[in-house]
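Undergrad: Questions regarding the structure given below will be posed in turn.
The values are calculated or read from the model by the stated rules, or taken from the named source; none is laboratory data. Please read these numbers as outputs of a predicted model, since none were measured by experiment. Virtual Cβ from ideal backbone geometry, glycine too; neighbours counted across all protein chains shown. To get the accessible areas, we keep the full protein, side chains included, count just its heavy atoms, and leave off ligands, DNA and RNA. Shrake-Rupley method; radii C 1.70, N 1.55, O 1.52, S 1.80 Å.
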Amino acid sequence: MAGESSSGGNTVARTFKALVENAERKFARVRDAPTYARGPYSHYFHSVFKSYMRLWKYQQENRAELIGSGLQRWEIGEIASRIGQLYFNQYMRTSEARFLIEAYVFYEAILHRKYFDEGSKKDKGVRFKELRFYARFLMVSLILNRTEMVKLLVDKFKALVDDSKSTFPV
């Protein structure tokens, strides 16, 4: 029974890793696409959204096994942050407010679930991901005129920058 559980956990972890690699490979295609591009990039955005949503659903359905095999909370936050980034990029390309609101929903969930709280204290790379998350969330909040959230994010961002200076000196 333990062998089956271990084998099942390994399968879940391998599948998760494959989904992450696939999503990241697709994300790399659209990350640097010009904001004004609509032609061939529209197909890629749909494909990337689909990959990340499949990844998000998979990690939700298998969260316990993934955590047991070493998945960190910040990695879940990174997935959610990428989805928010995709929604924001889609907003920039189309000016459709629904994409901006979806980005806000994902970013707000990351903030309230504190996905980055633990990992960024010891890992410089995770801290940079967290800082980028706050910068993106701040931009989305500014555009949506969510002034209370903007104030909160500015305070958190300042505190993180100050902490980063002392924790990770140049």
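Undergrad: Specify whether the C-alpha gyration tensor of region 67-144 places it in the rounded, prolate or oblate class, a ≥ b ≥ c being the square roots of the eigenvalues: rounded for a/c under 1.5, otherwise prolate if a/b is larger than b/c and oblate if not.
TA: Working: a/c = 2.47, a/b = 1.99, b/c = 1.24.
In terms of gyration-tensor shape, prolate.
Undergrad: With a 1.4 Å probe and every protein chain kept in, tell me what percent of the accessible surface of the chain is carbon plus sulfur.
TA: Details: 5320 of 9870 Å².
Using a 1.4 Å probe with all protein chains present, the chain comes out at 54 percent carbon and sulfur.
Undergrad: Could you state the accessible area per residue of the chain in Å², with a 1.4 Å probe and every protein chain left in place? Mind dumping the intermediate values first?
TA: On the way: 9870 Å² over 170 residues.
Heavy-atom accessible area per residue stands at 58 Å².
Undergrad: Also, I was wondering about something else. For the chain, with the dipole built from +1 on Lys and Arg beta-carbon atoms and -1 on Asp and Glu ones, taken about the Cα centre, which of 164, 94, 19 lies farthest toward the positive end?
TA: Sorting the options by dipole projection puts first 94.
Undergrad: Continuing with this model, one more query. Under 8 Å for C-alpha pairs, at least 6 residues apart: give me the relative contact order for region 52-170, rounded to a whole percent. Before the final figure, lay out the partial values.
TA: Numbers: 93 pairs, mean separation 25.2, N = 119.
Here the relative contact order equals 21 percent.
Undergrad: Quick one: go through region 84-124 and flag any residue whose amide nitrogen is under 16 Å from the point 7 Å out along the Cα-to-Cβ line of residue 166.
TA: So the set is 121-122.
Undergrad: Over 27 Å between Cα atoms: which of 50/129; 50/122; 124/151 fall into that group?
TA: Values: 50/129 22 Å; 50/122 32 Å; 124/151 25 Å.
Over 27 Å apart, Cα to Cα: 50/122.
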